[in-house]
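First up is the structure itself, then whatever we jot down about it.
None of the figures in this text is laboratory data; all of them are computed from the coordinates on show. Bear in mind that the values here come from a model prediction, so they are computed numbers and not experimental data. Cβ placement follows ideal geometry from the backbone for every residue including glycine, while neighbour counts extend to all protein chains displayed.
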């Protein structure tokens, strides 16, 4: 009898599990106690301690107490005109408010060039330390993919030369087999007075084991 068959058999004689209770039950397998109690071998990639399904369940359990908490705040990063120009060339958006400092000093209400909103959006994972979060909580993941963005708002312009950084808050965590879906809220701020919010977005990623 494999792990899943055992759990299905047991579920017929037990009250319905909540998702968290089920994840805790799976995570317990890492100690081997559940397998020994059931008289089952700890063989196979998914059934042994450190197996992929079990590791995904572990992560889901570990992240639950962190819901609603700030996981990371990135280092200050300085926006340069070269970065803005490179993004303009790559995307074809070379509007003068991004690329012409002389005209901006004369005509723009910002008196300088401003970064593209989508440049800031593309930088959010790095600004918010998403990679560092992965190194801390799931360094053994096979790979991680972006699943989408939601509730994106550009609130204030990011001026050239400004220092920006972002913080990441965990909104949700759901497991499906060998993967864990994480949803973060990321808020980017500048180093200007009152640390003005520049951009905010919910970011969904999927962690595969």
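List of remarks:
- Per-peptide packing, taken as the mean over residues of other Cβ atoms within 10 Å, places 174-180, 81-87, 104-110 in the sequence 174-180, 81-87, 104-110 from highest down.
- Counting beta carbons within 10 Å around each of 208, 137 and listing the fewest first gives the order 208, 137.
- Counted by neighbouring Cβ atoms within 10 Å, the residues 200, 75, 126 run from fewest to most as 75, 126, 200.
- Values of log10 I(q)/I(0), in the order q = 0.16, 0.22, 0.28 Å⁻¹, for the range 120-169 under a Debye, Cα-only, solvent-free model: -0.59, -0.96, -1.28
- Per residue, the convex hull volume that the Cα atoms of the range 102-207 enclose (Å³): 108
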